[in-house]
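Student: Have a look at the structure that comes next, please.
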Amino acid sequence: MTLQQMTESAGNSGNCPPIALVLGATGGIGGSVARRLMADGWHVRALHRNPPAVAAHQPAFQWIKGDAMNRDAVVAAAMGASLIVHAVNPPGYRNWGTLVLPMIDNSIIAAKASGARIFLPGTVYNYGPDALPNLSEESPQNPKTRKGTIRVELERRLRAAAGEGVPVLIVRAGDFFGPDARSSWFSQGLVKPGKPVMRVTLPAAPGIGHQWAYLPDVAETVVRLLGQAQRLPMFAVFQMAGVWDGDGTQMTAAIARVTGRRQKYSRFPWWLVQLLSPAVPLFFELQEMRYLWRQPVRMSNSRLLQFLGDEPSTPLDKAVRDTLVALGCLDPEDG
């Protein structure tokens, strides 16, 4: 769509649905939030470098050719939008230092031009070992990793933008899993996509609790918060409780129940990650994040409960089943 066409569309009558620009619509959280917004009556624009390659998978989105690294493209795509979903990340762990901050700067400029709110999916990477195990939205952020340092700076820039009139919403959650989470610890660590689950890999040390977040629940939470936008402060930060696996066995037990078979278990090969981390960027980043599996990490959702009254929560077995079916690990007719 051309700049002129988007301008004309934005100027139509007030009967038009609100517009959300989604950066990262082909990713797990971006796609989940985009589809949930559509279900709530939003018109979704999705920025992509090659729209024809992805439009067939989600034809209901208005696909716009552009790159999140191109400021003019982001500003043009955001014209008339009241929400920018900033869910774009460099693939894998590559080039975080050179790509992440310029992309958020582009979204901030676009939000200032259009008057849009920015939604950012938050993580636990902001927190260093000193803040664990129990986290609130105000816990100190002293990350010991490169990725965590970038995440803190990213949020700092958003806080500064909020002080300049850009509404910001951040929702922090645990490790994602769900039908859309194809690049996650669940899909690439615990199980092997495309194969029946015969063995589950355990990243955490024995008895260590871990926090998970089912993507449809995250998307539902975001849309409910946006539905009460008039109550949100300019810089709004919430945490989700998600799925708390208190000793590292509840998620694996759910996999066993859903698949109907006793599972074999193996430990994640952290020794190999450490050995190869000097040569493999992905392994270096994983090694830096290992502390999140060595001790419990639990975010409090008390602020969210106070604001919404409850937190959307899908029963664990259904969430695990839907995830395994989407990953090709379970036949839809099984169970």
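Any read-out appearing in this document is the output of simple, stated calculations on the displayed coordinates, not a laboratory observation. All figures in this text were calculated on a predicted structure; none of them were measured in a lab. Because the Cβ atoms are built from the backbone with ideal geometry, glycine has one as well, and the counts that use them run over all protein chains shown.
Student: May I ask you to compute the full-extension gain from ALA56 to ASP247, defined as 0.36 nm times their residue separation minus their alpha-carbon distance, rounded to one decimal in nm?
Tutor: Stretched fully, the ALA56-ASP247 segment lengthens by 64.6 nm.
Student: Can you pull the one-decimal nm distance between simple spin-label points at ARG231 and LEU276, each 7 Å off the Cα toward Cβ?
Tutor: Reported label-point gap for ARG231 and LEU276 is 4.8 nm.
Student: Straight distance only, please: which lysines reach the Cα of LYS65 with their own Cα at less than 30 Å, same-chain residues fewer than 8 apart left out?
Tutor: Hits, sequence-local ones excluded: LYS112, LYS147.
Student: Oh, and also: Could you point to the residue in TRP96, GLY80, GLY163 farthest towards the positive end of the range 62-167's charge dipole, with +1 and -1 charges on the Cβ of Lys/Arg and Asp/Glu respectively?
Tutor: Projecting each Cα onto the dipole axis, the largest value belongs to TRP96.
Student: Please enumerate, by chain and number, the lysines with C-alpha under 18 Å from the C-alpha of LYS264, excluding those fewer than 8 residues away in the same chain.
Tutor: The qualifying lysines are LYS192, LYS195.
Student: Then there's this: So for MET103, MET79, MET234, fewest C-beta neighbours within 10 Å to most, what's the order?
Tutor: MET234, MET79, MET103
Student: Indicate, rounded to the nearest 5 percent, the antiparallel portion of the DSSP beta bridges found entirely in the range 177-321.
Tutor: Here the antiparallel bridges make up roughly 40 percent for the range 177-321.
Student: May I ask you to evaluate 6.51 cos²θ - 1.76 cosθ + 1.60, the Karplus curve with θ = phi - 60°, for each residue of the range 28-44 and list the ³J(HN,Hα) values in order in whole Hz, giving x for glycine and proline?
Tutor: x, 6, x, x, 5, 5, 4, 5, 5, 4, 4, 5, 8, x, 7, 9, 9
Student: Return the sequence-ordered ³J(HN,Hα) values of the range 131-138 in whole Hz as given by the Karplus equation 6.51 cos²θ - 1.76 cosθ + 1.60 applied to θ = phi - 60°, using x for Gly and Pro.
Tutor: For the range 131-138, the Karplus-derived couplings read 8, 7, x, 9, 10, 10, 5, 9 Hz, x marking Gly and Pro.
Student: With θ set to phi - 60°, apply the Karplus curve 6.51 cos²θ - 1.76 cosθ + 1.60 along the range 74-88 and write out the HN-Hα couplings as whole Hz, x wherever there is a Gly or Pro.
Tutor: 5, 4, 5, 5, 8, 4, x, 7, 9, 8, 10, 8, 9, 10, 8
Student: What is the local net charge at THR314, summed over the other residues whose Cβ is closer than 14 Å to its Cβ (Lys, Arg +1; Asp, Glu -1)?
Tutor: That works out to -4.
Student: What is the antiparallel percent of DSSP beta bridges lying wholly in the chain, to the nearest 5?
Tutor: 10 percent
Student: Among TRP270, TRP42, TRP185, which one shows the biggest mean-square fluctuation in a GNM of the chain, springs joining Cα atoms closer than 10 Å?
Tutor: Among TRP270, TRP42, TRP185, the largest mean-square fluctuation in the Gaussian network model of the chain belongs to TRP270.
Student: Distance between the C-alpha centers of the range 148-188 and the range 226-300? Whole Å please.
Tutor: Computed from Cα coordinates, the inter-centre distance equals 15 Å.
Student: Quick one: which residues, 5 or more positions from TYR125 or on another chain, have an amide H under 5 Å from its amide H? H modelled 1.01 Å from N in the peptide plane, none for Pro or chain starts.
Tutor: none
Student: Which cross-chain or sequence-distant (5 or more) residues have an amide H under 5 Å from the amide H of ALA213, H modelled 1.01 Å from N in plane?
Tutor: GLY174, ASP175, PHE176, PHE177, VAL243
Student: How big is the chain by Rg and Dmax over its Cα atoms, in Å?
Tutor: Over the chain's Cα set, Rg and Dmax evaluate to 19.9, 61 Å.
Student: Also: Of the peptides 55-66, 111-122, 288-299, how do they stack up when ordered by the mean number of other Cβ atoms within 10 Å, highest first?
Tutor: The densest-packed peptide leads the list: 111-122, 288-299, 55-66.
Student: So what is Rg over Rh here for the range 83-160, counting just Cα atoms and using Kirkwood for Rh?
Tutor: 0.99
Student: Give me the distance in nm between label points sitting 7 Å out from Cα along the Cα-to-Cβ direction at ASN134 and SER300, one decimal.
Tutor: For the pair ASN134/SER300, the computed spacing is 0.7 nm.
Student: Under 1.5 on a/c is rounded, so check that first for the range 17-131, then, if it is not, pick prolate when a/b is larger than b/c and oblate when it is not; a ≥ b ≥ c are the square roots of the alpha carbon gyration tensor eigenvalues.
Tutor: rounded
Student: Please report the antiparallel percentage of the DSSP beta bridges confined to the range 69-227, to the nearest 5.
Tutor: 0 percent
Student: A follow-up question, please. About the Cα centre of the chain, what is the dipole size in debye to 20, counting +1 per Lys and Arg Cβ and -1 per Asp and Glu Cβ, all else neutral?
Tutor: So the magnitude is around 660 debye.
Student: When the Debye formula is applied to the Cα atoms of the range 228-281, each taken as the same point scatterer, what base-10 log of I(q)/I(0) results at q = 0.13, 0.19 Å⁻¹?
Tutor: Calculated log10 I(q)/I(0) at the listed q: -0.70, -0.83.
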